[in-house]
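**Student:** Take a look at this one; I'll ask things after.
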């Protein structure tokens, strides 16, 4: 293994941990599961550091690893339970309730997002919360960029429609 790449991955992991954990929490809906998923991601990243391409975005690579591990866990769990193949769109959700006053608006938005289809929630998190470009989100989700744009338009429309109903 290339020692330089391994060092680069190890050095960059710490700064990515909060974002990885937040993404894992959105996927798993439980903090202890998010911690386990984040730890598994870090371990896999270190084990496969030779696959990281120096000069590219480490966070994007880590998010892809995390999502891959999570999807494999979901599929494995469903197969063990006799439920067969599972698509990511049917498995993602997030409870955004927050008790802290400064996060009330964020909690309300997250709560509204949790009512949206999984694919829209995941795309919104990557682009709006994590700041990935449409192209980066498309690559991470392995979908066309037009699908990212369509999902985000649907998210905006759903949130706007909900706001119109409020007095």
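The values are calculated or read from the model by the stated rules, or taken from the named source; none is laboratory data. Being a predicted model, the structure only gives us computed values, none of them experimental. Positions of Cβ are backbone-derived with ideal geometry, glycine not excepted, and every protein chain shown enters the neighbour counts.
**Student:** Quick one: count up the residues across region 17-33 that are at pLDDT 90 or above and under 11 Å from the mean Cα position of the chain (by Cα).
**Tutor:** Looking only at that region, the number is 3.
**Student:** What about residue 50, is it modelled with pLDDT under 80 and surrounded by fewer than 15 Cβ atoms within 10 Å (Cβ to Cβ)?
**Tutor:** Working: modelled with pLDDT under 80: no; surrounded by fewer than 15 Cβ atoms within 10 Å (Cβ to Cβ): yes.
No, not satisfied.
Let's see how each residue does on (1) closer than 20 Å to residue 66 by Cβ; (2) in the same structural domain as residue 65 (by TED's automatic domain parsing); (3) surrounded by 14 or more Cβ atoms within 10 Å (Cβ to Cβ); (4) within 15 Å of the chain's Cα centre (by Cα):
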residue: 111; (1), (2), (3), (4): no, no, yes, no
residue: 130; (1), (2), (3), (4): yes, no, yes, yes
residue: 135; (1), (2), (3), (4): yes, no, no, no
residue: 161; (1), (2), (3), (4): no, no, no, no
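**Student:** Determine which single condition residue 108 fails, assuming it passes every other condition in (1) at pLDDT 70 or above; (2) part of a helix (DSSP H, G or I).
**Tutor:** So the condition that residue 108 fails would be (1).
**Student:** Here are 61, 70: which of them is free of Cβ contacts under 8 Å to residues at least 24 places away in the same chain and closer than 18 Å to residue 142 by Cβ?
**Tutor:** Details: 70 fails: free of Cβ contacts under 8 Å to residues at least 24 places away in the same chain.
Going through 61, 70 in turn, the sole match is 61.
**Student:** Across region 39-58, what is the number of residues that are under 19 Å from residue 139 (Cα atoms), assigned to a helix (DSSP H, G or I) and touching a residue at least 24 places away in the same chain (Cβ under 8 Å)?
**Tutor:** Within region 39-58, residues that are under 19 Å from residue 139 (Cα atoms), assigned to a helix (DSSP H, G or I) and touching a residue at least 24 places away in the same chain (Cβ under 8 Å) number 3.
**Student:** Just checking, which of 125, 116 is modelled with pLDDT of 75 or more, crowded, with 17+ Cβ neighbours inside 10 Å, touching a helix residue (DSSP H, G or I) at 6+ places or on another chain (Cβ under 9 Å) and outside any helix (DSSP H, G or I)?
**Tutor:** Just a single option satisfies the conditions, and that option is 116.
**Student:** Give region 1-38 a look and list any residue that's touching a residue at least 60 places away in the same chain (Cβ under 8 Å) and outside any loop (DSSP other than H, G, I, E, B), or say none.
**Tutor:** 19, 22, 23, 25, 26, 27
**Student:** Go through (1) assigned to a helix (DSSP H, G or I); (2) farther than 23 Å from residue 16 by Cβ; (3) at pLDDT below 65 one by one and return the number of the condition residue 86 breaks.
**Tutor:** Unmet condition: (1).
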